[in-house]
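Enquirer: Below is a structure I'd like to ask you about.
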Amino acid sequence: MTSAQLRAAFLDFFRERDHAVVPSSSLVPGDDPTLLFTNAGMVQFKDVFLGKESRSYVRAVSSQRCVRAGGKHNDLENVGYTARHHTFFEMLGNFSFGDYFKHDAIRFAWDFVTVTLGMPPERLWVTVYEHDHGAAEIWLKGIGVDPARFTRMGAKSNFWAMGDTGPCGPCTEIFYDHGPEIPGGPPGSPDEDGDRYVEIWNLVFMQFDRASTATTTSTCSAT
């Protein structure tokens, strides 16, 4: 599958599930002094998540051009040393604004990966934020992920923020296992920086707004 075919399959999957297809925004965020470059697909929806802006839709999907060469999400130092870090790339993302939340987000991701793309579940590994018991229950009981291929992780790995301030929240990730012939261990292991297990999906539950005073307040995003 080419990158163009993967992009089309992703957009079509969510379009069929009532998501508005939204064009990629500029690489330089407008009217946002907290970011040097657009580093994630949610950047153009920041004010929607914060309740400052409304759209004509409550579900969106996009293929966003991103740059990670500065600020909080700076991958520049890792380029060339791993097979999974880039400074410029497209981020495929689906978003809900007060419509669906963890259960449907997880189900959509799993269905796209295992059904649409046909990836075998036994080659996938799932992580969740260590205190997000709701997401863990959905994966283990609702989806039926093998507990042997499931890890609870700390905030460094599984609590996402767009920058030093702004929308943030716990996240859950899906990794693809390239097999034992590739060096590296599963997420959370001493050898996790190897290339055997590669993150292919990050579901961020943006429940909070990180203020400059390092306090965290609830937002009016998805419930």
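The values are calculated or read from the model by the stated rules, or taken from the named source; none is laboratory data. Just so it is clear, the model here is predicted, and its values are computed rather than measured. Neighbour counts are summed over all protein chains in view; Cβ atoms, including those assigned to glycine, are modelled from backbone coordinates with ideal geometry. Protein only, heavy atoms only, side chains kept; ligands, DNA and RNA dropped before computing areas. Shrake-Rupley method; radii C 1.70, N 1.55, O 1.52, S 1.80 Å.
Enquirer: When residues of region 119-139 are filtered for being of a type outside the set (Asp, Glu), in a helix (DSSP H, G or I) and farther than 15 Å from Gly185 by Cα, how many remain?
Expert: Within region 119-139, residues that are of a type outside the set (Asp, Glu), in a helix (DSSP H, G or I) and farther than 15 Å from Gly185 by Cα number 7.
Enquirer: Quick one: in region 63-84, of everything that is open to solvent by less than 40 Å² (accessible area, probe 1.4 Å) and touching a strand residue (DSSP E or B) at 6+ places or on another chain (Cβ under 6 Å), which residue is modelled with the lowest pLDDT?
Expert: Val67
Enquirer: Among the residues of region 176-193, what is the count of those that are open to solvent by 30 Å² or more (accessible area, probe 1.4 Å), within 18 Å of Trp139 (Cα to Cα) and either without any contact (Cβ under 8 Å) to a residue 60 or more places away in the chain or not in a loop (DSSP other than H, G, I, E, B) (or both)?
Expert: Qualifying residue count for the region: 1.
Enquirer: One residue is enough: does region 90-98 have a residue meeting the conditions open to solvent by less than 20 Å² (accessible area, probe 1.4 Å), at pLDDT 95 or above and touching an Asp or Glu at 6+ places or on another chain (Cβ under 8 Å)?
Expert: yes
Enquirer: Still on this model: If Thr172 meets every condition in (1) in a loop (DSSP other than H, G, I, E, B); (2) touching a Lys or Arg at 6+ places or on another chain (Cβ under 9 Å) apart from one, which number is that one?
Expert: In the conditions (1) in a loop (DSSP other than H, G, I, E, B); (2) touching a Lys or Arg at 6+ places or on another chain (Cβ under 9 Å), Thr172 misses (1) alone.
Enquirer: Quick one: in region 100-133, which of the residues that are surrounded by 14 or more Cβ atoms within 10 Å (Cβ to Cβ) and small (Gly, Ala, Ser) is nearest to Gly179 (Cα to Cα)?
Expert: By that ranking, first place goes to Ala109.
Enquirer: Now for a different question. Could you say whether any residue in region 41-50 is among the acidic types (Asp, Glu), open to solvent by 30 Å² or more (accessible area, probe 1.4 Å) and either modelled with pLDDT under 95 or not in a loop (DSSP other than H, G, I, E, B) (or both)?
Expert: For region 41-50, residues among the acidic types (Asp, Glu), open to solvent by 30 Å² or more (accessible area, probe 1.4 Å) and either modelled with pLDDT under 95 or not in a loop (DSSP other than H, G, I, E, B) (or both): present.
Enquirer: Filter region 51-69 down to residues that are in a strand (DSSP E or B) and of a type in the set (Val, Ile, Thr) and give me whichever is nearest to Met206 (Cα to Cα).
Expert: Residue satisfying both the conditions and the ranking: Val61.
Enquirer: Taking into account only those residues within region 15-40 that are among the charged types (D, E, K, R) and either in a helix (DSSP H, G or I) or modelled with pLDDT of 90 or more (or both), which is surrounded by the most Cβ atoms within 10 Å (Cβ to Cβ)?
Expert: The residue in question is Arg17.
Enquirer: OK, next. Checking Trp139 against (1) at pLDDT below 95; (2) in contact with a helix residue (DSSP H, G or I) (Cβ under 8 Å, 6 or more places away or on another chain), which test does it fail?
Expert: Condition not satisfied by Trp139: (1).
Table: residues versus (1) in contact (Cβ under 8 Å) with a residue 60 or more places away in the chain; (2) touching a Lys or Arg at 6+ places or on another chain (Cβ under 8 Å).
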position	(1), (2)
Ser96	yes, yes
Asp104	no, no
Val113	yes, no
Pro120	no, no
Leu124	no, yes
Val128	no, yes
His131	no, no
Trp139	no, no
